Amino acid sequence: MAILMDGKALSARQMAALKERVDALKSKGKSVGLAVILVGDDPASQVYVRNKGKACEELGILSRTLRLPAETTQEALEEEIDRLNRDEEIDGILVQLPLPRHLNEAQALAKIAPEKDVDGFHIQNAGKLFTGQPGVVACTPKGILYMLKACGVPLEGKEAVVIGRSNIVGKPIAMLLLNENCTVTLCHSRTKDLSAHTRRADILVAAVGKPRFVTGGMVKPGAAVVDVGINRVDGKVVGDVDFASVEPVAGYISPVPGGVGKMTICMLMENTVEAAERKAI
Ligand code: NDP
């Protein structure tokens with residue numbers, strides 16, 4: 001039976017530690033603030049934004065949500081970002097993705113002041129990760145690495161296979177695992193014989209966006225399997241990993257829900273607290 005990489009328990013522990021850091025800042029008269037910009041009314045985004053607000057509340061972080069109409073122009077969005085860049089109360093700015101199709105995501109993200117870019121998506125922070133320099137690391141990959149380390153999964157010299165090459169999950173987790181001296185393979189929709197790759201993996205990260213895509217036969221016995229997927233099937237949230245067939249084969253497994261998703265929000269809080277601490281120096 002696999003060891004459960006329990007994001008709920010790990011994030012609860014880390015949130016308690018973060019609360020102490022927020023309190024320490026407050027005792028010096030420094031507040032911590034996070035602003036989230038939500039454009040349009042995508043239902044999944046509404047849920048994520050609500051959960052982020054709840055986490056801020058738990059830590060005593062000022063949380064501001066800017067709800068902009070779906071027809072917001074690029075110019076208006078960038079003006080709002082600029083205003084938040086200058087706002088002394090705000091330490092972190094997050095633009096909830098995806099944006100409506102008429103908006104240019106990369107251009108909007110580039111407008112965020114890199115030191116307030118708590119999602120780690122600004123090209124400067126992505127570049128720092130790529131070149132091995134300290135910077136803000138994207139929340140989901142950061143949470144995955146935290147989880148693997150906290151659960152004692154050996155990384156150095158191990159074979160890591162990542163399925164999915166998005167800028168927000170696949171590529172940055174591949175880079176983080178490479179920095180941990182894993183030998184990394186990045187797979188995608190054009191990869192030939194995917195199972196041949198996944199069956200070699202000591203660490204397998206599934207960030208595909210397809211329900212129960214990874215099955216037991218694709219997994220090396222004893223592997224650490226990280227399920228990033230959030231898919232809605234018949235009103236239920238299911239991951240990219242078929243838990244029932246993979247769990248008996250794997251050495252470690254993260255559940256959905258209660259796995260990577262929890263760590264992601266926790267790391268967003270950590271990035272926000274770190275931004276406030278940097279400003280307070
Ligand atoms: P994207 O849609 O941006 O990327 C999916 C990736 O999967 C692409 O690189 C794609 O390849 C690859 N892929 C698709 N089909 C196959 C296939 N048959 N075989 C191999 N690779 C395939 O998704 P994201 O990275 O944004 O998200 C992935 C999942 O993680 C989603 O379910 C999302 O909801 C979830 N997510 C969860 C978070 C959390 O906090 N837990 C945070 C962010 C995302 P190609 O590039 O060739 O098209």
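Considering each of Val205, Val219, Val225, Val184 in turn, give the residue that is of a type in the set (Val, Ile, Thr), more than 28 Å from Gln133 (Cβ to Cβ), within 20 Å of the chain's Cα centre (by Cα) and modelled with pLDDT of 95 or more.
Numbers: Val205 fails: more than 28 Å from Gln133 (Cβ to Cβ); Val219 fails: within 20 Å of the chain's Cα centre (by Cα); Val184 fails: more than 28 Å from Gln133 (Cβ to Cβ).
Val225 is the lone residue from the list that is of a type in the set (Val, Ile, Thr), more than 28 Å from Gln133 (Cβ to Cβ), within 20 Å of the chain's Cα centre (by Cα) and modelled with pLDDT of 95 or more.
Scanning the stretch 199-225 for residues that are surrounded by fewer than 16 Cβ atoms within 10 Å (Cβ to Cβ) and closer than 18 Å to Cys151 by Cα yields a total of 2.
Of everything in the stretch 98-112 that is in a loop (DSSP other than H, G, I, E, B) and of a type in the set (A, V, I, L, M), the residue that is surrounded by the fewest Cβ atoms within 10 Å (Cβ to Cβ) is Leu103.
Let's see how each residue does on (1) among the basic types (Lys, Arg); (2) part of a helix (DSSP H, G or I); (3) free of Cβ contacts under 8 Å to residues at least 60 places away in the same chain; (4) within 10 Å of the ligand (Cβ to nearest atom):
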position: Met175; (1), (2), (3), (4): no, yes, yes, no
position: Leu178; (1), (2), (3), (4): no, yes, yes, no
position: Thr185; (1), (2), (3), (4): no, no, yes, no
position: Ala196; (1), (2), (3), (4): no, yes, yes, no
position: Ala201; (1), (2), (3), (4): no, no, yes, no
position: Arg212; (1), (2), (3), (4): yes, no, yes, no
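Screening Val256, Val249, Val226 for residues that are part of a strand (DSSP E or B) and either touching a Phe, Trp or Tyr at 6+ places or on another chain (Cβ under 9 Å) or away from the ligand (no atom under 14 Å from the Cβ) (or both) leaves exactly one candidate, Val226.
From the list Lys171, Lys128, Lys142, Lys158, pick out the single residue that is of a type in the set (D, E, K, R), within 16 Å of the ligand (Cβ to nearest atom) and more than 20 Å from Cys266 (Cβ to Cβ).
That would be Lys171, the only listed residue that is of a type in the set (D, E, K, R), within 16 Å of the ligand (Cβ to nearest atom) and more than 20 Å from Cys266 (Cβ to Cβ).
Cβ-Cβ distances below 9 Å connect the following pairs, each with a first residue in the stretch 245-272 that is among the aromatic types (Phe, Trp, Tyr), a second residue that is more than 9 Å from the ligand (Cβ to nearest atom) and in a loop (DSSP other than H, G, I, E, B), and a separation of six or more residues or different chains: Tyr252/Ala2; Tyr252/Met5; Tyr252/Cys151; Tyr252/Gly152; Tyr252/Val153; Tyr252/Gly222; Tyr252/Ala223.
The values are calculated or read from the model by the stated rules, or taken from the named source; none is laboratory data. The model shown is predicted, which means the values in this text are computed figures rather than measured ones. Note that we place each Cβ from the backbone using ideal geometry, even for glycine, and neighbour counts take in every protein chain shown.
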